[in-house]
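**Student:** Take this structure, written in structure tokens, and hold onto it; I'll ask about it next.
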Amino acid sequence: MKRIGEILVENGFISLDSLNEAIQEQKNSDGKKLGEILIENGHLSEENLLKGYAIQTGARPITENELYQVSPEVAALIPEEFCKEKTVLALSKTDSTISVAMHDPEDMPSIDGIKKLTNLDVDILIGTKESINAVIERVYDKIKKSGEVETAISSIDSDSKIQKTDAQEQ
């Protein structure tokens, strides 16, 4: 597998000088990823980094509109805190596979974590950090609200049963 820097240069997303500069900076950083450094230094857009990852890994990029089509039931298969911390979002599921949007398709600890959480194989789609985080906020907010509605409904149901029981006893 080609290295991401090589792919970015070959596809004209960055110059060789920018790559070499970022590699030097990476050596002096505490485990910062090359793409992150290139974006911070203004040499690369997040979209072009995702295109590079797609070329490297074969994973398909996902648009923000596609992210918003996620089902809350599927998203809920992965805990909210994990999703926020790792910038991942469950999109769909089959009997054996869960499709997730990720910002970093090379994040093996996150992929392994998803496998352990779901007992499913992981199919990766690549999205921007900003888009995935926005959808995580929206989807988990929806999940919380639906949980609150269910709690309120069951509370109303049990209140009405208590009232019926009280009325029957009189």
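**Student:** Could you grab me the full set of residues in the stretch 111-150 that are among the acidic types (Asp, Glu) and under 16 Å from the mean Cα position of the chain (by Cα)?
**Tutor:** In the first step, residues of the stretch 111-150 are kept if they are among the acidic types (Asp, Glu); the result is 112, 121, 123, 130, 137, 141, 148, 150.
Once the filter is applied, which keeps residues that are among the acidic types (Asp, Glu) and under 16 Å from the mean Cα position of the chain (by Cα), the stretch 111-150 yields Asp112, Asp121, Asp123, Glu130, Glu137, Asp141.
**Student:** Restricting the stretch 87-110 to residues that are open to solvent by 10 Å² or more (accessible area, probe 1.4 Å) and β-branched (Val, Ile, Thr), which is nearest to Glu47 (Cα to Cα)?
**Tutor:** The qualifying residue nearest to Glu47 (Cα to Cα) is Thr87.
**Student:** In addition: What pairs come out if I take residues in the stretch 62-75 that are among the charged types (D, E, K, R) and pair them with residues that are part of a helix (DSSP H, G or I) whose C-beta lies under 8 Å away, six or more apart or interchain?
**Tutor:** So the pair list comes out as Glu64/Ser131; Glu64/Ala134; Glu64/Val135.
**Student:** Between Leu77, Leu16, Leu50, Leu117, which is aliphatic (A, V, I, L, M) and open to solvent by less than 50 Å² (accessible area, probe 1.4 Å)?
**Tutor:** Working: Leu77 fails: open to solvent by less than 50 Å² (accessible area, probe 1.4 Å); Leu16 fails: open to solvent by less than 50 Å² (accessible area, probe 1.4 Å); Leu117 fails: open to solvent by less than 50 Å² (accessible area, probe 1.4 Å).
Result: Leu50 is the single residue among Leu77, Leu16, Leu50, Leu117 that is aliphatic (A, V, I, L, M) and open to solvent by less than 50 Å² (accessible area, probe 1.4 Å).
**Student:** Pairs please, first residue from the stretch 120-137 and more than 13 Å from Arg60 (Cα to Cα), second anywhere and assigned to a strand (DSSP E or B) and among the charged types (D, E, K, R), Cβ atoms under 7 Å, 6+ apart in sequence or on different chains.
**Tutor:** Leu120/Lys93
**Student:** Spot the failing condition for Lys164; the list is (1) over 28 Å from Leu34 (Cβ atoms); (2) among the basic types (Lys, Arg); (3) modelled with pLDDT of 90 or more, and only one is missed.
**Tutor:** (3)
**Student:** Another question about this same structure. For the stretch 86-103, what are the residues that are within 9 Å of the chain's Cα centre (by Cα) and of a type in the set (D, E, K, R)?
**Tutor:** Within the stretch 86-103, just Lys86 meets the criteria.
The values are calculated or read from the model by the stated rules, or taken from the named source; none is laboratory data. Everything quoted here is computed from the prediction, not taken from an experiment. Positions of Cβ are backbone-derived with ideal geometry, glycine not excepted, and every protein chain shown enters the neighbour counts. These accessible areas exclude ligands, DNA and RNA; they are computed on the full protein's heavy atoms, side chains included. Shrake-Rupley method; radii C 1.70, N 1.55, O 1.52, S 1.80 Å.
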